[in-house]
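K.L.:
Sending over a structure as structure tokens; questions will come in a sec.
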Amino acid sequence: MNSPLMIKDVPLHDRPRERMLSAGPQSVSNHELLAILLRSGSRDESVIHLANSLLHTFDGLRLLKDASLEELTSMKGIGPAKAVQLMAAVELGKRIHDLTYEDRYVIRSPEDGANYVMHEMRFLSQEHFVCLYLNTKNQVIHKQTIFIGSLNASIVHPREVYKEAFRRSAASIICIHNHPSGVRLYGLTM
């Protein structure tokens, strides 16, 4: 009887994890993504074979998304730990899919920008340079403190502001800094 082909027998560049690292997540198939999540097979079965068995049993990803702990652990090679890992990954995917942007704060005026940060910046004892990154609908997609200065100075390099804007694909930026000696906030829209 031939022994099963184990992942350690697969050339390094053909293994799912290594191919994903070198060519990106789109380069691996569904069963390879599952193999990455499962991490290992059993003594008698490779992780690739186990991932293929999962997809076969659950009609691809269609039924896997609703599989129960009992259904998963009934499969040879899937214990509670692997079942929970799979269920967590599926749940995370569902939550990402269900993300909505209706609850994002919209900035229509300088006062809106100030109101968004005033509560947390009002009583700071050092100058903080904060950027709000907005989408095309002027909704805040990210807020980041770029620099914390001294009592009366905050020195910021533009690259730090723009780096996050590019990373978030922001349509516009509002830069804000406080004055610890008072409650004034200053902003600049770019």
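The values are calculated or read from the model by the stated rules, or taken from the named source; none is laboratory data. Predicted model, so just to flag it, every value in this text is computed and none were measured. Cβ atoms come from the backbone with ideal geometry, glycine included; neighbour counts cover every protein chain shown. Quick note on the areas: whole protein, heavy atoms, side chains included, nothing else; ligands and nucleic acids left out. Shrake-Rupley method; radii C 1.70, N 1.55, O 1.52, S 1.80 Å.
K.L.:
Using 7 Å Cα-to-Cβ label points, what is the T145/R168 separation (nm, one decimal)?
P.N.:
1.6
K.L.:
Quick one: order V130, V90 from most to least accessible surface, probe 1.4 Å. Mind dumping the intermediate values first?
P.N.:
On the way: V130 5, V90 40 Å².
If we order V130, V90 from most to least accessible, we get V90, V130.
K.L.:
What is the ratio of the Cα radius of gyration of the chain to 2.2 N^0.38 Å, where N is its residue count, to two decimals? Don't skip to the end; give the middle numbers.
P.N.:
Numbers: Rg = 24.8 Å, N = 190, 2.2 N^0.38 = 16.2 Å.
The reported ratio for this selection is 1.54.
K.L.:
Kindly rank 31-38, 137-144 from highest to lowest mean number of other beta carbons found within 10 Å of each residue. Provide the component values of the computation, followed by the final result.
P.N.:
Numbers: 31-38: 19.9, 137-144: 15.6.
The peptides rank, most packed first, as 31-38, 137-144.
K.L.:
Averaging sequence separations of C-alpha pairs under 8 Å and six or more residues apart, then dividing by the length of the chain, give the relative contact order as a whole percent. Don't skip to the answer; put the middle values down first.
P.N.:
Values: 238 pairs, mean separation 25.3, N = 190.
Dividing the mean separation by the residue count of the chain yields 13 percent.
K.L.:
Okay, moving on. Would you tell me the accessible area of V10, worked out with a 1.4 angstrom probe on the heavy atoms of the protein chains, in Å² to the nearest 10?
P.N.:
Here the residue's solvent-accessible area equals roughly 30 Å².
K.L.:
Next question, about the same structure. Dipole of the chain, Cα-centred, from +1 at each Lys and Arg C-beta and -1 at each Asp and Glu C-beta, to the nearest 20 debye? If you can, show how the numbers build up before the last one.
P.N.:
Numbers: 22 positive and 20 negative charges, 81 e Å.
Dipole size: approximately 400 debye.
K.L.:
Ok, one more. Less than 28 Å apart at the alpha-carbon level, and either on another chain or at least 8 residues along: which lysines does that give for K94?
P.N.:
Partners within reach: K65, K76, K82, K137, K143.
K.L.:
Between T100 and Q85, what is the spin-label point distance in nm, taking each point 7 Å from the Cα along the Cα→C-beta axis?
P.N.:
Modelled inter-label distance: 3.4 nm.
K.L.:
Carbon and sulfur together cover what percent of the accessible area of the chain at a 1.4 Å probe radius? If you can, show how the numbers build up before the last one.
P.N.:
On the way: 7160 of 12650 Å².
Reported share for carbon and sulfur atoms: 57 percent.
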